[in-house]
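Before any comments, here is the structure.
Any read-out appearing in this document is the output of simple, stated calculations on the displayed coordinates, not a laboratory observation. Treat the numbers as computed from the prediction; the structure is a model and nothing was measured. Cβ placement follows ideal geometry from the backbone for every residue including glycine, while neighbour counts extend to all protein chains displayed.
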Number of protein chains: 2
Amino acid sequence: MSFNTTLLDFSVAPEIITNPVASATLHQQVEEVVGAVVPGLTRLIEDLLPSGGFHMTYTAENETFVTFRGHRSGLVSVQIENYGETFLMENRAVVELEKRIRAKIGAHRGKAILPLKRGRDIDSYFYTSDERLLEYGVLETIFDEVTPYQHVQVVRTRDFGKILVLDGFHNMSEKDFIYTETLMGGENYEGKTALILGGGDGGLLCELLKQNPKFVTMVEIDEVVIRECRKHLRAICGDCLDKFDGDNYKIIVGDAFQYLKDSVQEGRTFDYIFYDLSDVPVSPRHDRDLWNMVKDVLQDSMSLLPAGGKYMSHVMGVNCPEALEEFERLVDELPAKTSRTSSSAYVPSFMETWVFYQVTKC
Amino acid sequence: MSFNTTLLDFSVAPEIITNPVASATLHQQVEEVVGAVVPGLTRLIEDLLPSGGFHMTYTAENETFVTFRGHRSGLVSVQIENYGETFLMENRAVVELEKRIRAKIGAHRGKAILPLKRGRDIDSYFYTSDERLLEYGVLETIFDEVTPYQHVQVVRTRDFGKILVLDGFHNMSEKDFIYTETLMGGENYEGKTALILGGGDGGLLCELLKQNPKFVTMVEIDEVVIRECRKHLRAICGDCLDKFDGDNYKIIVGDAFQYLKDSVQEGRTFDYIFYDLSDVPVSPRHDRDLWNMVKDVLQDSMSLLPAGGKYMSHVMGVNCPEALEEFERLVDELPAKTSRTSSSAYVPSFMETWVFYQVTKC
């Protein structure tokens, strides 16, 4: 059992909303057009808004609800919700309804958001870094569990193969090798030591190990992510997550921030440190705590790198220029002397061009 | 003036909805959690659903509406709408609210669809071929007009540069050269004749002319598309749309289907015919008329091609396998003897892998 929410928006002259006669005509017009496609439309409530607009709710057959509001600014919204696996209207009929209402009420603008599919076993709505909504062509939910750290999902799509989704944000798909490749920045890792902060999907660890590094340490907090990627995303992680200790690598299930602090205390060093944790915050205005965390990680990392050592970080999509600027500012204000470069790549399953930074300790 | 619609969905045991005591507790729990973040929540209506569920509408300060429904199946939905340019809640607060409601009512599943931005000057919600919703990072609406044929928009984004949008479906962006390249199928067009059905963005015409063809005829019905692409999408069309007649090309503003019929009557031939019109229908079940149109175009085209001539067509995204199969079936059932190949490419602004066919007349 699921339901569908269809949203329609129109712009009319504000006088149509505030004039009682024009407003009554508008009601009638919308009722007429919507009533022609929604059987058994019955007005349930009609209410005036304090600002001078109106709000109406209708019920209809088969647990269908129609809400219709007019706002003093001239905005008119129509929302149709119907329950059940089947849509009340085909998408083409929704587009047609938008056109008919627009013509009938003389709106100078109209927009239909086709039925949002809610309450289904398959969740297809995920977000970009800048919190834009994307509906993926999800064929199957392979794994879905709320861990103590996050909501972990693995879904299968036609476009991107299997995708790891964390807290509603697509994290990595089988088609995103370009992500790992760009994060690695074309360096030669042979004989080098590296620390991966996060990286639970195993993609970076897998690619680094192909280059015969001296030693790679990976610190990922959520063992469920490791377990499910090992099971379902072997196209990304290969057999790297099969055991937590190898000749030249070690996977630690733990807090990457604490590991950094401990490393500073214990005087460890790494040639490369990778930030492969959750995204940095979307903007500098919000999430001061998160930005302070990024700053701490940068500072701690710098003290673990030798001169010439590098901090490699994915940062954010190009749609968050403020976040990119804030990251650059943090780097430029580091007490250690550094130089920075950046690179970008369109990551298919992110559906966005993503920006990566390389910070060299001078 | 605009407004935001936030959608939250939960799954609980069906008994909680149908049992009056449990249901009353559920109301109270949701009211309590939502009331903590939505100031001045006042119950406007409470109604029972014929199936045994309930429907409630609340108003709150600043023209905020909260709708809360429970359905016998155990589905619980919460919708929050607030008017004004600013959000009632930051996205992070919405995610937090989802978690709090989920915990409070003991839901075994929860989902938040972050605020949909409605009624704004900038339209950012467009669709994939299979009618999935994508929110683009639109910076600016450059052109927006309803022509006698379609709704034409040109918008500017960070990821894809400028995008031509037709009837809400992204059509072509400045970053989609791969589309035109794959449609052209690696053929050598030097000294050849070609007919483009549609192609109003000018991309295909521009690329063909670079190969010194004998003659290219393009038939596009919507002069507004040509005019706006000439103005805004020169990265795609170059100067090809600046005049409608050249030494070795001609742009006809007219109906491509009629032009095909006339060509059959008048005995014209072309070495290549390109289908660069709107997408084929999403599935074979619907839009029988549209499929018949595709069939007619295929048949007419075959009679205009010499032996060895080719019909080149974009068809559909990989997320519409039924449409791809239907297209193959139509080709295989053509009266003319043909052979077919296909190719595919991930088209950045489509955010989808797209499939193209090449049909050779034997």
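Residues whose amide H lies under 5 Å from that of residue A:143, counting only those 5 or more places away or on a different chain, are A:154; hydrogens are built 1.01 Å from N in the peptide plane. For the protein assembly as shown, what class follows from the C-alpha gyration tensor (a ≥ b ≥ c being the square roots of its eigenvalues): rounded when a/c is under 1.5, otherwise prolate if a/b is larger than b/c, else oblate? Cα axes put the protein assembly as shown in the oblate bin.
By definition, a body whose alpha carbon gyration tensor gives a ≥ b ≥ c is oblate when a/c is 1.5 or more and a/b is not larger than b/c, and segment B:125-173 fits this oblate description. Segment B:318-362 and segment B:1-60 have Cα centres spaced 48 Å apart.
Within 10 Å of the Cβ of each residue in A:113-123, the mean number of Cβ atoms contributed by other protein chains is 5. For the pair residue A:177 and residue B:99, label points projected 7 Å from Cα toward Cβ lie 3.6 nm apart. Around the Cα centre of the protein assembly as shown, unit charges on the Cβ atoms of Lys, Arg, Asp and Glu (plus for the first two, minus for the last two) sum to a dipole of about 220 debye. Residue-wise HN-Hα couplings along segment B:52-60, as the Karplus relation 6.51 cos²θ - 1.76 cosθ + 1.60 with θ = phi - 60° gives them from phi, are x, x, 9, 9, 9, 10, 10, 10, 8 Hz; Gly and Pro carry x. Among the cysteines of chain B, B:229, B:237, B:320, B:362 have no other cysteine beta carbon within less than 4.7 Å of their own.
Residues considered: B:235, B:93, B:323. Largest GNM mean-square fluctuation over chain B, using C-alpha springs under 10 Å, is found at B:93. Restricting segment B:194-303 to trypsin sites (Lys or Arg not before Pro) that sit in a DSSP loop and have at most 16 other Cβ atoms within 10 Å of their own Cβ leaves B:210, B:214, B:243, B:268, B:285. Between the Cα long axis of helix B:288-304 and the first principal axis of chain B there is an angle of about 20°, rounded to the nearest 10.
For segment A:125-173, a simple Cβ point-charge model (Lys and Arg +1, Asp and Glu -1, everything else neutral) yields a dipole of about 180 debye relative to the Cα centre. Within the set of other residues whose C-beta is less than 10 Å from the C-beta of residue A:129, count the net charge using Lys and Arg as +1 and Asp and Glu as -1. Around residue A:129, the charge tally is -3. A Gaussian network model of chain A, with springs between Cα atoms under 10 Å, assigns the largest mean-square fluctuation among A:184, A:89, A:218 to A:89. Give the calculated FRET efficiency between residue A:18 and residue A:122 to the nearest 0.05, with a Förster radius of 56 Å applied to their Cβ-Cβ distance. Between residue A:18 and residue A:122 the formula returns 0.80. Peptides B:338-346, A:159-167 ranked from most to least packed give A:159-167, B:338-346, packing being the mean of other C-beta atoms within 10 angstrom over each peptide's residues. As a calculated quantity, the FRET efficiency between residue A:92 and residue A:292 at R0 = 45 Å, using C-beta atoms, amounts to about 0.35. Here's how it looks for residue B:195: its modeled amide H is under 5 Å from those of B:217, B:272, B:273, B:274, which are all 5 or more places away or on a different chain. Candidate cross-link partners of residue B:261 among the lysines, defined by an alpha-carbon separation under 17 Å and a same-chain spacing of 8 or more, comprise B:295.
When both segment B:142-199 and segment B:77-123 are represented by their alpha-carbon centers, they are found 35 Å apart. Per-residue shielding of A:149-159, expressed as the average number of other chain Cβ atoms within 10 Å of the residue Cβ, stands at 2.
Across segment B:3-118, the relative contact order, built from alpha-carbon pairs under 8 Å that are at least six residues apart, equals 40 percent.
Counting only alpha carbon atoms, the long axis of helix A:91-105 and the longest principal axis of chain A meet at about 50°. If you take the alpha carbon atoms of chain B and fit the smallest convex hull around them, that volume is 160 Å³ per residue.
Less than 5 angstrom separates the built amide H of residue A:49 from those of A:54, A:55, all sequence-distant by 5 or more or on a different chain.
Computed on the Cα atoms alone, the convex hull of segment A:1-86 gives a volume of 87 cubic angstrom per residue. With a simple spin-label model that places each label point 7 Å from the Cα along the Cα-to-Cβ direction, the separation between residue A:235 and residue A:48 comes to 6.0 nm.
When the Gaussian network model of chain A links Cα atoms closer than 10 Å, the mean-square fluctuations of A:55, A:232, A:151 top out at A:55.
Placing +1 on each Lys and Arg Cβ and -1 on each Asp and Glu Cβ, with no other charges, gives segment B:3-118 a dipole about its Cα centre of roughly 420 debye. Computed over chain B, the per-residue total of -39500 (n - 2.57) for DSSP H runs of n ≥ 4 gives a 222 nm mean residue ellipticity of -9000 deg cm²/dmol, rounded to 500.
Peptide B:133-139 has a mean of 6 when you count, residue by residue, the C-beta atoms of other protein chains within 10 Å of its C-beta. 3J(HN,Hα) along segment A:312-323, derived from phi through the Karplus expression 6.51 cos²θ - 1.76 cosθ + 1.60 where θ = phi - 60°, amounts to 10, 9, 6, 10, 6, x, 4, 7, 10, x, 5, 5 Hz, with x in place of Gly and Pro.
Each residue of segment A:245-252 is assigned a 3J(HN,Hα), and the resulting list reads 9, x, 4, 10, 7, 8, 9, 10 Hz, derived from the Karplus form 6.51 cos²θ - 1.76 cosθ + 1.60 (θ = phi - 60°), x at Gly and Pro. Exceedance of the 26 Å cut-off in Cα-Cα distance is limited, within the set A:210/A:310; A:175/A:210; A:231/A:310, to A:231/A:310.
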